[in-house]
1. Only residues that are surrounded by 12 or more Cβ atoms within 10 Å (Cβ to Cβ) and either at pLDDT 95 or above or in contact with a strand residue (DSSP E or B) (Cβ under 9 Å, 6 or more places away or on another chain) (or both): list them for the range 135-150, please.
2. Restricting to the range 1-36, what's the tally of residues that are surrounded by 12 or more Cβ atoms within 10 Å (Cβ to Cβ) and either assigned to a loop (DSSP other than H, G, I, E, B) or basic (K, R) (or both)?
3. Would you confirm whether or not the range 114-132 contains a residue that is loosely packed, with under 13 Cβ neighbours inside 10 Å, at pLDDT below 95 and touching a Cys at 6+ places or on another chain (Cβ under 9 Å)?
4. Name, by its number, the condition in (1) surrounded by 13 or more Cβ atoms within 10 Å (Cβ to Cβ); (2) in the same structural domain as K172 (by TED's automatic domain parsing); (3) of a type outside the set (A, V, I, L, M, F, W, C) that does not hold for G70.
5. Among what's in the range 46-60 and is aliphatic (A, V, I, L, M) and assigned to a helix (DSSP H, G or I), pick the residue that is surrounded by the fewest Cβ atoms within 10 Å (Cβ to Cβ).
6. Taking the condition β-branched (V, I, T), at pLDDT below 90 and not assigned by TED's automatic domain parsing to the domain that holds L9, does T109 pass?
7. Failed condition for F91, given (1) modelled with pLDDT under 95; (2) in contact with a helix residue (DSSP H, G or I) (Cβ under 7 Å, 6 or more places away or on another chain); (3) buried (at least 17 other Cβ atoms within 10 Å of the Cβ), with all others met?
8. Go through the range 61-161 and tell me which helices (runs of 4 or more DSSP H), entirely inside it, have 1 or more residues that are closer than 18 Å to L31 by Cα and either without any contact (Cβ under 8 Å) to a residue 60 or more places away in the chain or among the β-branched types (V, I, T) (or both).
Amino acid sequence: RLLNAAQSLGVQPSQIVQFCDSVSICLSKGLGAPVGSLIGGQKEFIAQARRIRKLLGGGMRQAGVLAAAGIVALNHAMENVALDHQHAKAFALGVQAMNSPVCTTDPATVESNMVRLMVNGKLTVEELCRGLSDMTLLEQDNKQGVSVLALSMSSHCVRLVWHRDISEQDTKLALEKLRTVLHTYNEEKIPQ
């Protein structure tokens, strides 16, 4: 989350961690490397971390290819993180424009690559998450299904997170999927 925070605040990551004893950055997830993490800290801390890694069998042979992927991820990290933030904000604005009585968000609260959808008591977070992830029969027949993975944060909040592999087009498809889920929900459960 360090690079997302730095992008959102408009500062260098070093400014955020300057008073930390240690720092860990995952290169997969949002940055798009296949695997890998970085740790930083004082010389003694790094030496201890290396010893523990060896004790736990964490060494790898021929790791250069994976390291190269990590370097590419870092070289393009901030531009990719900025796009993730833009896509999340666009999604939140799209949700707000739907003006749904059962599912809302406040785009002003989207400061990074995360969007929180709030649902009222008529729609449960489980129903929303299931509706977003399940593909309808029509989608399966058209072979153009959209599955949006969302995480329930509480009984009224669902979290969606953007990362390097979610494009502007994917964001539009996710909005359409949400619109379809809410439309289906409105027809089935809200008395006319």
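1. Residues satisfying the conditions are V148, A150.
2. Residues meeting the conditions: 8.
3. Within the range 114-132 (the criterion being loosely packed, with under 13 Cβ neighbours inside 10 Å, at pLDDT below 95 and touching a Cys at 6+ places or on another chain (Cβ under 9 Å)), the answer is yes, since at least one residue qualifies.
4. Just one mismatch for G70, condition (2).
5. The initial filter retains those residues of the range 46-60 that are aliphatic (A, V, I, L, M), namely 46-47, 49, 52, 55-56, 60.
When the remaining residues are screened for being assigned to a helix (DSSP H, G or I), the result is 46-47, 49, 52, 55.
On the way: I46: 13, A47: 11, A49: 16, I52: 10, L55: 8.
Among those that are aliphatic (A, V, I, L, M) and assigned to a helix (DSSP H, G or I), it is L55.
6. no
7. Among (1) modelled with pLDDT under 95; (2) in contact with a helix residue (DSSP H, G or I) (Cβ under 7 Å, 6 or more places away or on another chain); (3) buried (at least 17 other Cβ atoms within 10 Å of the Cβ), F91 violates only (1).
8. Details: elements: 64-75, 77-98, 125-133, 137-142.
Here the list reads 64-75, 77-98.
The values are calculated or read from the model by the stated rules, or taken from the named source; none is laboratory data. Everything quoted here is computed from the prediction, not taken from an experiment. We place every Cβ from the backbone using ideal geometry, glycine too, and count neighbours over all the protein chains shown.
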